[in-house]
Amino acid sequence: MGGVSDLSVIEESEQLKSNGDSFNGQLREKHQRSDEQSSDHPARSLSPDQYADVDGIGRRTRSLSAVQIQGNSLNNINDEYPNKMPRRSSLASGNRSRMQKHVSFSSSSDEKAIASAGDCIRAMQAGTDMIKIRSVTRHYKRTFVLDQEMSSLTWKPSTKKAEKAFIKISDIREVFKGQTTDIFRQLVKEDYSEDCSFSIIYGDKYESLDLVASSPDEANVWITGLRCLISNRKRSGKYLILAILTKKSCIAESRSLLVFIFPVRGSGFLMEEQVMGLVKQMSPHINLEQILSKHKVRIKKFLAADGTMNRAQFLNFFKEITTRPEVYFILVRYANIGDFLTVDDLMAFLESEQGVSKLSKEDCLGLVKKYEPTRRGRREGFLGIDGFIKYLLEQELFDSKHLNVCEDMDQPLSHYFIASSHNTDLLEDQLTGPSSVEAYKSALLSGCRCVEMDCWDGPNNEPVIYHGQSLTTKITFKSVIQAINEYAFVASEYPVILWIQNHCSTKQQRIIAHYLKEILGDKLCNHFINENQKLLTSPRRLRRKIILKGKKLPVDCKEMEGFVSDEECSGHAPENGEKKKAKKDNANQNKKQVKLIKQLSDLINLKCITFNGFQEAKENNRNYYETSSFEEVSALKLNQASPDEFVNFNKNYLSRIYPATKRVDSSNYNPQDLWNCGCQLVAMNYQTRGEMMDLHTGKFTENGGCGYVLKPPALREDYSYFNPSSKESIPGVDPQILHIRIISGQNLPKPRGSGSKVNAVDPYVILQINGIPIDCAEERSKTIANNGFNPVFDESYEFLINLPELAILRFLVKDDEHIGDDFIGQYSIPLTCVKLGYRHLKLYDDTGELIPLATLFIHVAMTGKRAFGSYKRGMSIKKLKKTREYAQLKTVGIKSIDEIFKEAVKPLRTSTDLRDNVQIAIAQFKEICGLAPSSNIKQCIKYLTSRLTGSSQTFSLSITSNEGYPHLEAIGGVPEGYKKSISTFQSVIPH
């Protein structure tokens, strides 16, 4: 929201006092009359309209088109034959990585505004068709209605007598979202969407009424309305929202009014252009173009006949376009009193959802003061919907820890992925495109740490750089070195590698050597090769140093010049037999030898040599500073033929991969396949944007964007074994489940080149997982028609991740209706940089530039596979142990070594049992608490605490020590519904 002037603040206080006193007086009168008229029926204290009033003055006038109460499309369910009801499954056969997808049953064009608890209650009173789950085979379509007195929930038709087909609101204990009860656990999980499912726990025996709505929105309406009813009953004994709620709900209203008052004090009316200007002033995050596109008809609706808008009309219009209902539903889920968060509510949200630990109330109060737009809210310590939205907009998906270098930088260079550029000088294609010094500057400023210099003889004794044997333009070597000297360490202080392809005469080689020493000076690395070293130097020791890579004379060469091969120091796929020998002999005969001066050779740190196979590298005792280049096709063949050997080779030696020569358009290959086998210098055409470059850019945002990313242990530790081509799970590695819920989008623009005739977009989201073969997956959301302003997708996905260190998550937003380039925006991020909880991610366009105001709102959670996938609900640890898979030891054939490793079998089995038992016990605890598998232990403990403190029975809990572990002992009459929760918690501790 925009700032409020001093005059507005004074008026705010006066307006608040006037509105608050007047409304509180009305509320007291209503309360007294209702108490006198219906003392035996406290539920009748408030009508639905009065309920909406109490929920906030004028709030019932909000119309939020982004939230829809979906139409009912369940008529195909036959009440007489429940076993024949239609089912659906969202699991595609053969896709091992994708776990599950949740979507709505149907969509409808019917729109009903939901912006408050009062709106939810009115929708409940209008009635909703839902599926009632009685057992695995008994599923019935029923119409559920909240009665006008808000005292009971009824359904029809029913086999019960009418007077028995209801539940009193006063008997409702809890409302659980998702499939968390025993009845739901018995179902096949894919039968119904978890986002559409919820359970009502009622009665002294804690029975459950399990329901499935036709859409997540409809389920949210019932969950929100019921929770609001029971939370207010617990506090006042009557269905009243306290006066403090009314008073605080007025604040956002008054603020909007007073900001409006100031600029129009003269006339009291605004023209359409002034309306849009004021909206932009009050909500800078709003895209006016999107407003005009989405709300053009609504703007006209709010304007008077003369084209102006008064205060009330503006207020209604502003509420309609600014309140995000998907955020409102999150807020009310954690709000204990109405639709705002107290400091305690905010702390519960941050700890349970956002993964924030060690919070104090002072910390939370500081957040309230930072984000709450109203003075009164900041003073009294609560966060309303506007402040909550503002807070969430600043919660980015990228973990701030990786904004700085945070990984171990003392490993050898071969243990890192290094951001690398191919044909760095080019701005366009490889045949006729221009070369430019600016290309080097741009690459270095983006974090690139390895650039290529294709050097040739130039006029006037000045070496030049260009793509040899092509029509590309030329730039001088000197100008490039000067740019590198200036920009090498602006984005990162870690070493830059210059790959010098030397095609110059000895005369111009001396010029090159002179420029390198004169311009780069102390930045040149002079002590890279050391006879006592076995591995490459670390990036930390090479900070602010420039490493030269190229052809090099033998170390013991005493002559001032010698001969080296002029061929690319490339590798090839392995071949066998006479064919390989004949090819090698022929290559040796045809090799073109060129002179290399010792003055330039001595500056080279990384020596380029031809790769002739893994066996030859072992037999010749290859030096640690020797490196080879591979064309992408050759590298992929190596990966397919000898994946484990390629991985082991890359643990000690640098491998550079470059695009195939046929890519004359400067297109890019998929770098992920080469990262998977440990290749460090996977060179890309930086001048060409697209999906592959998006992955590269996303990859190197990790570790502070320094251009160096530490490889996972499987790709750098000598004793580890890893096959990057395998589509099977990794032995001994416990996979993780990645839960992603795509909630909504904001301010999504039209695709580039769509033209002015296109008024709106029909966006959808593609979610991609790039990593090792078994982790790769892709999902597509539904399309939201004609809404780029705030499309609500509300779809959940689950992915099995075996090696998160290599996984890259990519969100791609497209337009379903646009013909041609339907690209809207994308965001790519390493999975290791993802923050859990509710997050906004900023979208980038096809040139890599940030799209102003365009975001996706998502929720992310991670759980262990045994806490979700392989663990079957209700299964005991004893049963699971019989079918448990243990890591196996592979014998090496040396008896003494094999005997030693046999002793590790039992500890390994014990550790596996311990790990699995912990995860299973935690999964059972979540189930008993009625929480989703993606929830955490803190959420479970908080839920159990709220259950116990909210009980009407008197009892106490004491904590004692039992064999060194905390033990809960219940004293007094603990309700049956809580005993199981306590005993399950006890089962978690010993494990």
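The table below gives the values:
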quantity	calculated
Selection count, the range 766-799, where residues are assigned to a loop (DSSP other than H, G, I, E, B) and within 23 Å of PRO751 (Cα to Cα)	11
Boolean, ALA117 is open to solvent by 40 Å² or more (accessible area, probe 1.4 Å) and either under 17 Å from ASN220 (Cβ atoms) or basic (Lys, Arg) (or both)	no
Residue match in the range 796-809 (condition: farther than 30 Å from ARG915 by Cα and either open to solvent by less than 10 Å² (accessible area, probe 1.4 Å) or at pLDDT 95 or above (or both))	no
So ALA443, is it among the aliphatic types (A, V, I, L, M), in a helix (DSSP H, G or I) and farther than 30 Å from LEU856 by Cα	no
Some residue of the range 314-335 being touching a residue at least 12 places away in the same chain (Cβ under 8 Å), more than 23 Å from VAL792 (Cβ to Cβ) and open to solvent by 20 Å² or more (accessible area, probe 1.4 Å)	no
Residue pairs meeting the criteria (Cβ under 9 Å; at least 6 apart or on separate chains; first touching a residue at least 12 places away in the same chain (Cβ under 8 Å) and open to solvent by less than 60 Å² (accessible area, probe 1.4 Å), in the range 464-483; second part of a helix (DSSP H, G or I) and of a type in the set (Lys, Arg))	ALA483/LYS441
Members of the range 336-368 that are polar (S, T, N, Q) and either open to solvent by 40 Å² or more (accessible area, probe 1.4 Å) or not in a helix (DSSP H, G or I) (or both)	ASN336, THR342, GLN354, SER357, SER360
Flag for GLY707 being under 19 Å from VAL405 (Cβ atoms), buried (at least 22 other Cβ atoms within 10 Å of the Cβ) and either in contact (Cβ under 8 Å) with a residue 24 or more places away in the chain or of a type in the set (Lys, Arg) (or both)	yes
Conditions (1) under 27 Å from HIS467 (Cα atoms); (2) in contact with a helix residue (DSSP H, G or I) (Cβ under 9 Å, 6 or more places away or on another chain): number failed by GLN501	(2)
Residue match in the range 668-690 (condition: acidic (Asp, Glu) and either surrounded by fewer than 18 Cβ atoms within 10 Å (Cβ to Cβ) or over 17 Å from ARG810 (Cα atoms) (or both))	no
Per-region count, the range 714-738, residues open to solvent by 20 Å² or more (accessible area, probe 1.4 Å) and touching a Ser or Thr at 6+ places or on another chain (Cβ under 6 Å)	1
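One line per residue, one yes/no per condition, for (1) of a type outside the set (Val, Ile, Thr); (2) more than 30 Å from ARG839 (Cα to Cα); (3) out of contact with any helix residue (DSSP H, G or I) (no Cβ under 6 Å at 6 or more places or on another chain); (4) surrounded by 22 or more Cβ atoms within 10 Å (Cβ to Cβ):
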{"position": "ARG376", "(1), (2), (3), (4)": "yes, no, no, no"}
{"position": "ARG379", "(1), (2), (3), (4)": "yes, no, yes, no"}
{"position": "VAL405", "(1), (2), (3), (4)": "no, no, no, no"}
{"position": "GLN411", "(1), (2), (3), (4)": "yes, yes, yes, no"}
{"position": "ILE418", "(1), (2), (3), (4)": "no, no, yes, yes"}
{"position": "THR424", "(1), (2), (3), (4)": "no, yes, no, yes"}
{"position": "PRO434", "(1), (2), (3), (4)": "yes, yes, yes, no"}
{"position": "VAL437", "(1), (2), (3), (4)": "no, yes, no, no"}
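The values are calculated or read from the model by the stated rules, or taken from the named source; none is laboratory data. Keep in mind it's a predicted model, so treat the numbers as computed, not measured. No Cβ is skipped: glycine too gets one built from the backbone with ideal geometry, and neighbour counts run over all protein chains shown. Heavy atoms of the whole protein, side chains included, go into the accessibility calculation; ligands, DNA and RNA do not. Shrake-Rupley method; radii C 1.70, N 1.55, O 1.52, S 1.80 Å.
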